[in-house]
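Engineer: Below is one structure. I have some questions about it.
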Amino acid sequence: MIVMPPPMVQMFHELGLPVYFHTLLGACKLGGLVFIWWPNTSVKLWAYHGYTYLMGGAIFTHLASGQSFTHAAGAMIGLTLTLTSMVFCNHLSQSEAVIEKKKY
C-alpha cells in the first residue's frame with residue numbers, strides 16, 4: 001500500500017480518509033510483516049494483534065461509510081487469514097515448548 005494505485009486512492013477518497021493515511025497503513029503492514037517473521041513469539045503476538053485491529057478497522061470503516069459487505073470482503077478475508085495464522089502460530093509455539101520440556 002505504499003504505492004498508490006488510482007483505484008485505492010479513489011476508495012480512500014470515498015471513505016473520507018486522507019491520502020497520507022494510505023502510506024501510513026502500508027508502512028505499518030510492512031513493519032508487521034517483519035515482526036511476524038521475527039523469531040521472538042511475543043513480538044509476533046503484537047504484530048498479529050496489530051493486523052487484527054487493522055483489518056477490523058477496515059471492515060468497520062467500509063460498513064460505517066454505508067458501503068456494502070462486498071466492499072469489506074477483502075478486509076474480512078484478511079481478518080480471517082490473520083486469525084487463522086495467529087492460531088496456528090500459537091499452537092506451534094506451544095508444541096515447541098512441550099518438546100523442549102521433554103528434552104530436559
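Engineer: Determine the gain in length on full extension of the stretch Ala64-Phe88; use 0.36 nm per residue of separation and subtract their C-alpha separation, reporting nm with one decimal.
Structural biologist: 5.5 nm
Engineer: Let me test this: with uniform point scatterers at the alpha carbons of segment 1-59, what is the Debye-based log₁₀ I(q)/I(0) at q = 0.18, 0.19 1/Å?
Structural biologist: Ignoring solvent entirely, the Cα scatterers give -0.66, -0.71.
Only the coordinates and a few stated rules stand behind these numbers; no lab work does. Just so it is clear, the structure is predicted and the values come from calculations on it, not from any experiment.
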